[in-house]
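Worksheet for the structure shown next.
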Amino acid sequence: MTIIQFPKDMKWGTATASYQIEGAAKEGGRGVSIWDTFSKTPGKVANGDNGDVACDSYHRYEEDVEMMKDLGIDVYRFSVAWPRIFPDGTGEVNQEGLDYYHRLVDKLLANGIEPMCTLYHWDLPQALQDKGGWNNRETIDAFVEYATLMFNEFSGKINKWLTLNEPWCISFLSNYIGVHAPGNHDLQLATQISHHLLVAHGKSVQKFRELGIDGEIGFAPNTTWLEPFSNRQEDIDACNREIGWYIEWFMDPVFKGTYPTFMVDWFKKKGVELVIEDGDMETISQPVDFLGINYYTGHIARYKENEGLLDWELVEMNYDRTDIGWPIFPEGLYNVLTRIKESYGDVPIFITENGSCYNDEPEKGRVHDTGRINYLEQHLTALSRAIASGVNIKGYITWSLMDNFEWAEGYTMRFGIVHVNYRTLERTKKDSFYWYKQTIANNWFES
Ligand SMILES: CCOCCOc1ccc(-c2cn(C[C@@H]3NC[C@@H](O)[C@H]3O)nn2)cc1
């Protein structure tokens, strides 16, 4: 047996997001979001599921924080529903919305848990979507207005901020692949949106600095890893294009002030013409205090001409997979983190999402999710290797505290260390909850 030990200042946490857990979609003055619209569009979400009730955390947040207290976490990553603050996206502020997040943050602080706030985790006010959404540069200004209000309102209570969660999902998954809201299928649109998102990120970081807000700010790209099937250059290049689509496309502008040329050229071949206004790249490359990294899975792949957007195909290698079908690929986490360190230096990193889908149900009051424990052990071991190789890891935040609305999969896919009965809303701590609790208490685990 091996002891996997973590640095003494390691922070441990759990993550959720507003649309996925809150419910109360028509309460507290909340406006309509694009996910309310999308989830009620037939065929978009499994079983026609939606976030009207979700985990009802809007009403049950105190119970949720009690579970976090029992778990012993240092930090809780949650997101704010923009439509709770600005029901129409801009203009009149909804005080009931602010009041809810004050109740949540105050409960966290009273229990010694640090709040980490994601400003945008996909629930764009529908009123802004009706005016073009992220394709309209006015949405950038609306985001900065929303961020400014939140910075001023919660300054002194919230000291860790993330501007955007997974801009690749917001832009490409939602506007090119189209499986997430608003469900477009347009590469030019998606690529331009990715740029506007980065400008919105940069402008809100600028505002954070101008206001002199105490605390730290970053953003949370999602990542993946493709391991080349052979050492043929065409296989290596194909894998680098997919990895570059997730990592360099978003991190080069922030950390280097430029888009990666190999990706710009590839998109240009696909007919994409990115419109960059004067000053945009300087705005985007505002220094951040930390980086959130989300990682779930990786694959082995090889070049295949004219296959998909980036000319690659998966090579089936009979990996173990989680219940959502994603390969269990912990070495990808190590590779992603060492690649980020090589490319961008010693930026402080929180793993802001890592977790697995296992749909185990309660048996006599227990949930034996051994698959999730194995996934955590393998990925925390990879994380420990990355730390040993010099990656500046500040903390690990698992996705998710509880089962919740998993976007297009609805409630069919469970990522929580706490089981949620969606009929009764009863929470049941899974075996992985107790494993994670012990790991946090020890700051090590035995693998
Ligand atoms: C049909 C083709 O499909 C191509 C890829 O399609 C997807 C779908 C989903 C994801 C995905 C889902 N998650 C987990 C979430 N992260 C944020 C938090 O809200 C979690 O719920 N991360 N990535 C990626 C790619």
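Could you list, in sequence order, the residues of the stretch 68-107 that are aliphatic (A, V, I, L, M) and in contact with a helix residue (DSSP H, G or I) (Cβ under 8 Å, 6 or more places away or on another chain)? Explain how you work it out, then say what you get.
From the stretch 68-107, those aliphatic (A, V, I, L, M) are 68, 71, 73, 75, 80-81, 85, 93, 98, 104-105; that's our starting set.
Within the stretch 68-107, M68, L71, I73, V80, A81, I85, V93, L98, L104, V105 meet the criteria.
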Practice prompt. Filter the stretch 255-308 down to residues that are over 30 Å from Y375 (Cα atoms), aliphatic (A, V, I, L, M) and either in a helix (DSSP H, G or I) or within 16 Å of the ligand (Cβ to nearest atom) (or both), then give me how many there are.
Written response: 4
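Determine which member of the set I247, I276 is closer than 22 Å to W122 by Cβ and out of contact with any Gly (no Cβ under 9 Å at 6 or more places or on another chain). Show your work before the answer.
Numbers: I276 fails: closer than 22 Å to W122 by Cβ.
After applying the criteria, what remains is I247.
So, of the residues in the stretch 390-400 that are part of a loop (DSSP other than H, G, I, E, B) and in contact with a Lys or Arg (Cβ under 8 Å, 6 or more places away or on another chain), which turns out to be farthest from the ligand (Cβ to nearest atom)? If you could, list the steps in order and put the result at the bottom.
Restricting attention to the stretch 390-400, the residues satisfying the condition of being part of a loop (DSSP other than H, G, I, E, B) are 390-392, 400.
Within this subset, residues satisfying the condition of being in contact with a Lys or Arg (Cβ under 8 Å, 6 or more places away or on another chain) are 390-392.
Values: G390: 27, V391: 21, N392: 23 Å.
Restricting to residues being part of a loop (DSSP other than H, G, I, E, B) and in contact with a Lys or Arg (Cβ under 8 Å, 6 or more places away or on another chain), the top hit is G390.
Please work out which residue is surrounded by the most Cβ atoms within 10 Å (Cβ to Cβ), limiting yourself to the stretch 384-402 and to residues that are under 20 Å from T439 (Cβ atoms) and not hydrophobic (A, V, I, L, M, F, W, C).
Looking only at the stretch 384-402, we keep the residues that are under 20 Å from T439 (Cβ atoms), and these are 384-388, 391, 393-402.
Subsequent filtering for residues that are not hydrophobic (A, V, I, L, M, F, W, C) retains 384-385, 394-396, 398, 400.
On the way: S384: 22, R385: 17, K394: 17, G395: 25, Y396: 23, T398: 27, S400: 23.
It comes out as T398.
Taking the stretch 6-21 on its own, how many of its residues are outside any strand (DSSP E or B) and either within 16 Å of the ligand (Cβ to nearest atom) or of a type outside the set (A, V, I, L, M, F, W, C) (or both)? I'd like the intermediate steps shown before the answer.
Taking the stretch 6-21 and keeping what is outside any strand (DSSP E or B), we get 6-10, 16-21.
If we keep only those that are either within 16 Å of the ligand (Cβ to nearest atom) or of a type outside the set (A, V, I, L, M, F, W, C) (or both) as well, we get 7-9, 16-21.
Number of matching residues: 9.
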Discussion item. On the basis of being within 16 Å of the ligand (Cβ to nearest atom) and either surrounded by 16 or more Cβ atoms within 10 Å (Cβ to Cβ) or within 19 Å of Y296 (Cβ to Cβ) (or both), does Y411 make the cut?
Written reply: yes
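Among the candidates A15, A46, single out the residue that is modelled with pLDDT of 95 or more and crowded, with 16+ Cβ neighbours inside 10 Å. Even if it seems obvious, please write down each step before you answer.
Working: A46 fails: crowded, with 16+ Cβ neighbours inside 10 Å.
A15 is the lone residue from the list that is modelled with pLDDT of 95 or more and crowded, with 16+ Cβ neighbours inside 10 Å.
Counting only residues that are charged (D, E, K, R) and assigned to a helix (DSSP H, G or I), how many does the stretch 401-410 have?
Final tally of qualifying residues: 1.
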Worksheet item: Checking T381 against (1) within 16 Å of the ligand (Cβ to nearest atom); (2) crowded, with 16+ Cβ neighbours inside 10 Å; (3) not small (G, A, S), which single condition isn't satisfied?
Response: (1)
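Being of a type in the set (S, T, N, Q) and within 13 Å of the ligand (Cβ to nearest atom) is the filter; apply it to the stretch 324-358 and report the residue that is nearest to L380 (Cα to Cα). Step through it out loud before you land on a result.
Taking the stretch 324-358 and keeping what is of a type in the set (S, T, N, Q), we get 335, 338, 343, 352, 354, 356.
With the extra rule that they be within 13 Å of the ligand (Cβ to nearest atom), the set shrinks to 352, 354, 356.
On the way: T352: 13, N354: 9, S356: 13 Å.
It comes out as N354.
Among the residues of the stretch 156-175, is there at least one that is in a helix (DSSP H, G or I), over 20 Å from the mean Cα position of the chain (by Cα) and of a type in the set (S, T, Y)?
Keep residues of the stretch 156-175 that are in a helix (DSSP H, G or I), which gives 167-175.
Next, only the ones that are over 20 Å from the mean Cα position of the chain (by Cα) stay: none.
Among the residues of the stretch 156-175, not one is in a helix (DSSP H, G or I), over 20 Å from the mean Cα position of the chain (by Cα) and of a type in the set (S, T, Y), which makes the answer no.
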Worksheet item: What tally of residues in the stretch 158-176 results from selecting those that are touching a residue at least 12 places away in the same chain (Cβ under 8 Å) and either of a type in the set (G, A, S) or within 12 Å of the ligand (Cβ to nearest atom) (or both)?
Response: 12
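Restricting attention to the stretch 100-148, and to residues there that are of a type in the set (A, V, I, L, M) and more than 26 Å from T14 (Cβ to Cβ), which single residue is surrounded by the most Cβ atoms within 10 Å (Cβ to Cβ)? Lay out the reasoning, then the answer.
Here is the first cut: in the stretch 100-148, the ones of a type in the set (A, V, I, L, M) are 104-105, 108-110, 113, 116, 119, 124, 127-128, 140, 142, 144, 147.
Next, from what is left, pick out any that are more than 26 Å from T14 (Cβ to Cβ): 127-128, 140, 142, 144.
Details: A127: 18, L128: 25, I140: 22, A142: 23, V144: 18.
That would be L128.
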Worksheet item: So H185 clears everything in (1) more than 12 Å from the ligand (Cβ to nearest atom); (2) free of Cβ contacts under 8 Å to residues at least 24 places away in the same chain; (3) not acidic (D, E) except one condition, right? Which one?
Response: (1)
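Can you pull out the residues in the stretch 434-447 that are touching a residue at least 40 places away in the same chain (Cβ under 8 Å) and farther than 11 Å from L376 by Cβ?
The initial filter retains those residues of the stretch 434-447 that are touching a residue at least 40 places away in the same chain (Cβ under 8 Å), namely 435-437, 439-441, 443-447.
Result: K437, I440, A441, N443, W444, E446.
Run down I217, I193 and say which single residue is of a type in the set (A, V, I, L, M), crowded, with 21+ Cβ neighbours inside 10 Å and not in a helix (DSSP H, G or I). Give the steps one after another, and end with the answer.
Values: I193 fails: not in a helix (DSSP H, G or I).
From the options I217, I193, the qualifying one is I217.
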Worksheet item: How do the pairs read when you match residues in the stretch 399-413 that are under 18 Å from I170 (Cβ atoms) with residues anywhere that are modelled with pLDDT of 95 or more and away from the ligand (no atom under 11 Å from the Cβ), using Cβ under 7 Å and keeping only pairs 6 or more apart or on different chains?
Response: F405/D49; F405/G51; F405/A54; F405/Y411; A408/K44; A408/V45; A408/A46; E409/A46
Discussion item. Among the numbered criteria (1) free of Cβ contacts under 8 Å to residues at least 24 places away in the same chain; (2) within 26 Å of L425 (Cα to Cα), which one does E342 miss?
Written reply: (2)
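Filtering the stretch 309-323 down to residues that are free of Cβ contacts under 8 Å to residues at least 40 places away in the same chain and within 16 Å of the ligand (Cβ to nearest atom), which residue is nearest to H379 (Cα to Cα)? Talk me through it step by step, then tell me what you get.
Of the stretch 309-323, the ones free of Cβ contacts under 8 Å to residues at least 40 places away in the same chain are 313-314, 316-321.
Checking which are within 16 Å of the ligand (Cβ to nearest atom) leaves us with 313-314, 321.
Details: E313: 25, L314: 22, R321: 14 Å.
Here the residue is R321.
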Worksheet, complete the sentence: The condition of being among the β-branched types (V, I, T) and more than 19 Å from the chain's Cα centre (by Cα) holds, among T424, T352, only for T424
Fill in: Total residues in the stretch 56-99, condition in contact with a Ser or Thr (Cβ under 8 Å, 6 or more places away or on another chain) and either among the polar types (S, T, N, Q) or closer than 25 Å to W12 by Cα (or both)
11
Fill in: Evaluation of N50 against (1) in contact with a strand residue (DSSP E or B) (Cβ under 6 Å, 6 or more places away or on another chain); (2) within 16 Å of the ligand (Cβ to nearest atom) (one fails), failing number
(1)
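The values are calculated or read from the model by the stated rules, or taken from the named source; none is laboratory data. This is a predicted model, so every value here is computed, not measured. No Cβ is skipped: glycine too gets one built from the backbone with ideal geometry, and neighbour counts run over all protein chains shown.
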